[in-house]
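Some notes on the structure that comes next.
The values are calculated or read from the model by the stated rules, or taken from the named source; none is laboratory data. All values derive from a computational prediction rather than experimental measurement. Neighbour counts run over all protein chains shown; Cβ positions are idealised from the backbone, glycine included.
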Amino acid sequence: MQIVKHSWLLVLLLAACKPAPVVEQDPFPVKVEKNDLVFTSGDPQLKAIKVQQARERDEVVLHLTGKLVWNEDVTTNVFSPLAGRVSSIKGERGKKVKVGDELARITSPDFGQAQADAVKSEADLALAQRVLDRTRDLLKQGVLPQKELDTADNAFRDAQSERDRAVERLAVWGGRGSDVNGAFALKAPMSGVIVDRNVQPGQEVRSDAMLAGMAMVAAPMFVISDPESLWVHLDVSEQDLSNLQVGQKLEIRSRAYGDKIFPGALTVIGQSLNPDTRTVVAKGSVANPERLLKAQMYVDVNVVTHVAKMPQVPIKAVFLRDGKPCVFARKSENVFEMRQITTAAEDAGHVFVSKGLKADEEVVSEGALVLESLLDANTSTANAGAEKAEH
């Protein structure tokens, strides 16, 4: 029994002599003072934080994409107003034409019928004229009564009206004279350059290929335009609409020509929103005197607009906290303040700040999310300590 007692005593003495566990302390603690994060000098986390100075600017450049199309003010799609077969073609792509120049010749039964009607109406009018003259002579001689003259005069007027109708119908299609050959000459309705051709010799054409100016069953036979003047169609998002005004200058670039700038101007801003893309179609004009730009090209378009002077920061410096935009502003080498801001327009990876930041202040451009997590961790730790103290 004495031995057992000494054994327990030895165990108790050894337990009392065991050193207490060492609690490691953070050599670089981060303090939170309201919205400020205060780092210890030399904290290695500071190396991961980069700042950038907010620069004051009053110019916003909207970067849009566009598509070049023919200028509809100087463009026409040429269809045949008559059905028939193409017998010859004079209009070729790239050829410059004037109003009235022949583009193609079409053998058309409808045109032949119109020619025949015009010739017949001329003959019928000549006959009615002779009958009227003879009736007048016979009336003077007392051979015929007055009603015969009235009948002949009415017949002459009917023949004259029919002749005028037939000649006018033929003239609408460019026909004149007494030939009845059915050869219809399709002519250029305006001056310009033939920029497209969709017809071959021997091809059958129809008169119903165009309805109300729109191609319904076929492409136009010829497209005549002025390639030195083009339009550019732009898709503009809702947030960019406030920065657009008719008359603004456009800087248009094509990948085909590197950094070469083609100047243009904004001419139309659409009045409706596309429900699928949530964009508005805007239109601009661009001069193309060297004919380098081509219709259907996709281009990059910069729209320069002026706003009130405001500081501008990288968009990656802005983060949302409780649904509101915030940044971390550097107050000193080791102190960063979380600050709520009000943002305005965006421009090429940057955002304008209308409230909450002054020009030349430094904001965290890289590492903002790290600072936010440190702020959350220290805040939650402080709150937990306060609750424990209360209990």
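Points worth noting:
- Segment 359-375, residues that are surrounded by fewer than 19 Cβ atoms within 10 Å (Cβ to Cβ), among the aliphatic types (A, V, I, L, M) and farther than 19 Å from Val60 by Cβ: Leu369, Val370, Leu374
- Of all residues in segment 268-287, those satisfying the criterion of being among the polar types (S, T, N, Q) and modelled with pLDDT under 95 are Gln271, Ser272, Asn274, Thr277, Thr279.
- Scanning segment 146-171 for residues that are without any contact (Cβ under 8 Å) to a residue 12 or more places away in the chain and closer than 21 Å to Arg105 by Cβ returns a single hit, Ala171.
- Residues being over 37 Å from the mean Cα position of the chain (by Cα), at pLDDT 90 or above, closer than 30 Å to Leu62 by Cβ and aliphatic (A, V, I, L, M) are entirely absent from segment 346-358.
- None of Gly202, Gly174 is modelled with pLDDT of 90 or more, in a loop (DSSP other than H, G, I, E, B) and at positive phi except Gly202.
- Single residue of segment 133-163 satisfying the filter (surrounded by fewer than 15 Cβ atoms within 10 Å (Cβ to Cβ) and under 60 Å from the mean Cα position of the chain (by Cα)) that is farthest from Ser121 (Cα to Cα): Arg157
- Residue selected from segment 320-350 under the condition surrounded by fewer than 16 Cβ atoms within 10 Å (Cβ to Cβ) and hydrophobic (A, V, I, L, M, F, W, C), by the criterion farthest from Val32 (Cα to Cα): Ala348
- Strands (runs of 3 or more DSSP E) fully within segment 1-79 that include at least 1 residues being modelled with pLDDT of 85 or more and farther than 30 Å from Asp376 by Cα: 55-70, 76-78.
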